[in-house]
Every structure is written in structure tokens, then in C-alpha cells.
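Some notes on the structure that comes next.
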């Protein structure tokens, strides 16, 4: 446990010092909230939300913030590889599993903090959290999304030599996962051929879970959401740990 | 007493390439042992295997009696490493880098704090302990890495090209530290280098390694003595004729390298005029004559027929570093 804590602690120290990263990764979901939220608020009419698109959008933006921060945190291992710091960790008498879990929890924590920042901004923009319990549910889903996608980032980083492939992964893997998740629009409004795709997107269940917690309304049963995204988190952690174990330097 | 390090027939191949070829040696407790050779000779691969970072293809090794394949954790606890490339977290302070290391090696908090203070004083970084590493110079980073490598009180310290890319002054400074360390803490040190002077100044014994094999292993003095006395180098346009006439009981050995004749002999100061007279008598034109005491460079040349070519190595290394910098 103490080793996992050590790795986690380092992630936290680095996070707190990287002001530009904190602000950088808040800006995108915040601008989405402002532009799309206010721009489309009176145009879009979503069943169950009425003419209140911004309320619908807020949980999606929280999820977006968690998603992007966590993937980025995971992929940062490449930098540790390039800067040589990973060697220092790998040659210590600790298991790779401990290192990987420390990185995962570190990434998930930063991602959840970023998500909470968006939540705070949302409160200022008129989000009304239903209850304390609802908030905790949303927080739980954020943690699970954070773990899933940090592990996902670690898995990718374990197979990549440098950051050149990063843009590719962001554009062709992460952005579709975000776009098809129902963060921006209700999944029921999609054409029939597209709808099954959103159903296999794990983030859909994360977004719906957060939405249930924050607004009390969701299109997928929250228990199902929990089972799917929870299972995905376990799966990604196992895959991430497996690939991380095979890193050689 | 068991040797600090024992290596038997250690071999590592990457596909067709034999990086390390059946090397064997023993290092005594408290010794400073050098692996000297050009870039790509297999020094770092050897170190990686001993540090459990890479698995040997065949052969075996023990560190303080612990097997490098069967007891990875035992070996890892017994060793401290300073890698060839930097391995600090630049976003953390000097103290935090040390603290991270101390926690990884499960040193209790009080002891950890005490040792970090002591070691940072030892490497004269105590007044900078709360500064971020990214503000440190190359020499300071190296010193911090050495301090970090010592934090868990290893009995064996691995130094992979410890002074690579540092300026001569800092290099001298570091040599001083390393020598002091070995004396005061009785730590066994194994270091790799392609700097002749470094090996000569620091090491009790040196293994000269080329193309994966150890070609000579002895104290620096014995190695230099082994190639016989002094060296007179004559550059001439007609080396073959020069070799023909340079005979005599006082000449131990004559080697040819490009346009040079290298004559191994004793008391070169007294014999140099004889050489010049001899060549003049046979009307062999002399471009230059130089004389020097043997260095490890000469030893390397005598054993392998080539120079270690520090210059070229440095240039490549610099380019590689610059390339890495740009990528960051």
C-alpha cells in the first residue's frame, strides 16, 4: 500500500505544480458549456429536460473533463520513459503492479479533481444538484471513469515509444468515445444504425451515471450503468497492468 | 569473504548480435572496478543484467551472494544505481526526489529524513534541497543522482558513465566524490566509462571490454606495464622501411598504425636520439617524433589494434543528447 501511495503522492505533487495543465484541461469543457450550452439552450428541446439544454450538457462536460484528464495522465508514462524516471521506479524492489496501480489512482484522482472543478463552474451556471446522495453517486461514477481511462492511457503508453502517436489516439480513439457517449445529445435521438454504437461505448454508461446523480434523470438504468462502467474499469486495469508489466527499458 | 560481485560466463544476445559474450569476473568488497571500452562494447548491457533490468541469455551472476535471476528483490536492495541517462523527476525538488526513492525502498520516515539531510550535505546540495531539479546544472543533477543511489545504503553502487557530458571541472569534482565514497563508506563500486583518464584515476582494477568480450583485466598500472615501458611514435612516409631497420635488443615491440610506427621500449628519453640517428642514416624522412608514458589508450590500442576514439564517441553522444532535448 505504501508504494502505491508513494507513486500517487508524486502524481499529486506534479499535478498541483502544473498550473497550465489544470487550466488547460478545464478550458475545453468550460467553453463547450458556455458556447454550446448557452448557444443551443433555447433551440434544443430534450425530452425530460425541456428547454434546458445546459442542464443536460453539464454532466456530459464533467465526464469529458474526467475522460481527457485521465487518458492524458495515463499516457504521461511515456514522458517518464523518455526522461528516464521510469527506470528509477522499475529498478526499485517493488512490483510493477504496485507502480501501475499507483499511477492509475494518481491519474484518477487528478481527473476527478478536474471533473469537480467543472461541476463547480456548472453550479455557478445554474446546475442544481438534486441531493447530497446524488452528488455522491456522480462522484462515484467519476472515480470509475477516471480509473478506467487512466488504465487505458497506461496500456497505450506501454506500447508507444514516444508522444508522436498521441494526437492520433486522441483524435481517433478518445474523441469518438466522447462524441458517441451521449455527453452532447440524448442517445435516443440518434438514427437507428448509430444507436447500437453508443451502446457499446463504455463512456455512455459513465455519462448516464453522472447525469442520474446530478439531475436525477437518465436514459439508462443507473444500476446497469454502474455494472458496465465498473466492469470496464476492472478490465482496463487488468489489461493496463498486463501491458505495463511487459515494458522493457 | 564472498566477493561483492561474481560473474560467470554472462552472455546477452539480441537476435544475431552478441552484445555480451561469455564474460567472467569477480569484484572484491570495497573495490572500485571499471568496465572500460568504446560505446557499444556491451558495458551498459552488462550493468543492466547485473541490476536485474535485463535477463541474461546464458551464464550467471551474483551480487553479495544473491543470484541476479533467482533473487531479483535481494539484488535490487543490495545495489544503488546511477544510470547513464538522467533519471530524476525535474518537476520535483531535490529533497522530494530523494524522499520518493526512500519511500520506494521502504526506509522508515525518521531515518529517511536523517539520511536525506546527510547525503545532500555530502554532495553539497543541502542549501538547494527545496529547489526544483529543473533549475539544476548537469553536475548538480549527477551529484543528486549519486546521493539518491546511496540513500538505501547499498553495499554495491553501479555508476554507468557517471561523468558523461560534464565539463572537465565538474568531472574532477565528481571523481573526488566517488573516491571519497568508496574510502569512507567502504562501498563496492562498479563503473562503466569510455574515458581513459576516469578509469585510470578511479579504478582499483579495470576490465577492458570490446565487442562484448573482456580482453584484459588488471590494475591500471599492471595493464600499462604489460605493454612494456614507454612508447615512441614516429610518423614517416615510409613505415615499412622504418620497421625493417628498427631492430635491436632495446626495442621491445614495434607496431604499425596507418602512417605511424609505435615503438615500445624502456628509457625512451635516452633512446630517442638513437632512433632518430638510425632513421637518418637510412635516409628515412621523419615527419614527427613523440614520446610518452603508456596510457590506458595505448593498452586498448595494443590489445585491440584500434583506438577507443573518445572524440567520435563524444560527438555522437552530443548529437543524441541534442536530439533527445528537441523531442522533449
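Side notes on the structure shown:
- Selection from region A:84-115 of residues that are in contact with a helix residue (DSSP H, G or I) (Cβ under 9 Å, 6 or more places away or on another chain), farther than 20 Å from residue A:238 by Cβ and either free of Cβ contacts under 8 Å to residues at least 40 places away in the same chain or not in a helix (DSSP H, G or I) (or both): A:85, A:88, A:91, A:92, A:93
- Test: residue in region B:68-82 that is without any contact (Cβ under 8 Å) to a residue 24 or more places away in the chain, crowded, with 19+ Cβ neighbours inside 10 Å and more than 11 Å from chain A (Cβ to nearest Cβ): yes
- Counting only helices (runs of 4 or more DSSP H) wholly contained in region B:163-271, the ones carrying 2 or more residues that are under 30 Å from residue B:13 (Cα atoms) occupy B:196-202, B:220-226.
- Sole exception among (1) touching a helix residue (DSSP H, G or I) at 6+ places or on another chain (Cβ under 6 Å); (2) farther than 19 Å from residue A:115 by Cα for residue A:193, by number: (1)
- The single condition among (1) modelled with pLDDT under 90; (2) over 21 Å from residue A:111 (Cβ atoms); (3) in contact with a helix residue (DSSP H, G or I) (Cβ under 7 Å, 6 or more places away or on another chain) that residue A:39 does not satisfy is (3).
- The single condition from (1) under 30 Å from residue B:297 (Cα atoms); (2) crowded, with 21+ Cβ neighbours inside 10 Å that residue B:39 fails is (2).
- Here residue A:199 passes the criteria (1) more than 18 Å from residue A:47 (Cβ to Cβ); (2) surrounded by fewer than 17 Cβ atoms within 10 Å (Cβ to Cβ); (3) more than 18 Å from the chain's Cα centre (by Cα) except the one numbered (3).
- Taken together, the residues in region A:223-249 that are under 24 Å from residue A:77 (Cα atoms) and surrounded by 18 or more Cβ atoms within 10 Å (Cβ to Cβ) amount to 9.
- Criterion: assigned to a helix (DSSP H, G or I) and within 14 Å of chain A (Cβ to nearest Cβ) - qualifying residue of B:90, B:96: B:96
- Residue match in region A:98-119 (condition: surrounded by fewer than 21 Cβ atoms within 10 Å (Cβ to Cβ) and within 14 Å of chain B (Cβ to nearest Cβ)): yes
- Test: residue A:179 is surrounded by 13 or more Cβ atoms within 10 Å (Cβ to Cβ), closer than 16 Å to residue A:226 by Cα and at pLDDT 85 or above: no
Results for (1) at pLDDT 85 or above; (2) assigned by TED's automatic domain parsing to the domain that holds residue B:21, shown as yes or no for each residue.
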{"site": "B:157", "(1), (2)": "yes, yes"}
{"site": "B:173", "(1), (2)": "no, yes"}
{"site": "B:215", "(1), (2)": "yes, yes"}
{"site": "B:240", "(1), (2)": "no, no"}
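- Applying the criterion of at least 1 residues that are under 19 Å from the mean Cα position of the chain (by Cα) and free of Cβ contacts under 8 Å to residues at least 24 places away in the same chain to the helices (runs of 4 or more DSSP H) found wholly in region A:132-194 leaves A:166-169, A:175-179.
- Given (1) more than 13 Å from every other protein chain (Cβ to nearest Cβ); (2) closer than 15 Å to residue B:191 by Cβ, number of the condition residue B:149 does not satisfy: (1)
- Among the residues making up region B:99-134, those that are within 14 Å of another protein chain (Cβ to nearest Cβ), under 25 Å from residue B:171 (Cβ atoms) and either surrounded by 15 or more Cβ atoms within 10 Å (Cβ to Cβ) or at pLDDT 95 or above (or both) are B:101, B:131, B:132, B:133.
- Meets criteria (in contact with a helix residue (DSSP H, G or I) (Cβ under 8 Å, 6 or more places away or on another chain), surrounded by 12 or more Cβ atoms within 10 Å (Cβ to Cβ) and either outside the structural domain of residue B:214 (by TED's automatic domain parsing) or modelled with pLDDT of 75 or more (or both)) for residue B:312: no
The values are calculated or read from the model by the stated rules, or taken from the named source; none is laboratory data. Everything quoted here is computed from the prediction, not taken from an experiment. When we count neighbours, we look across all protein chains shown, and the Cβ atoms used for this are built from the backbone with ideal geometry, even at glycine.
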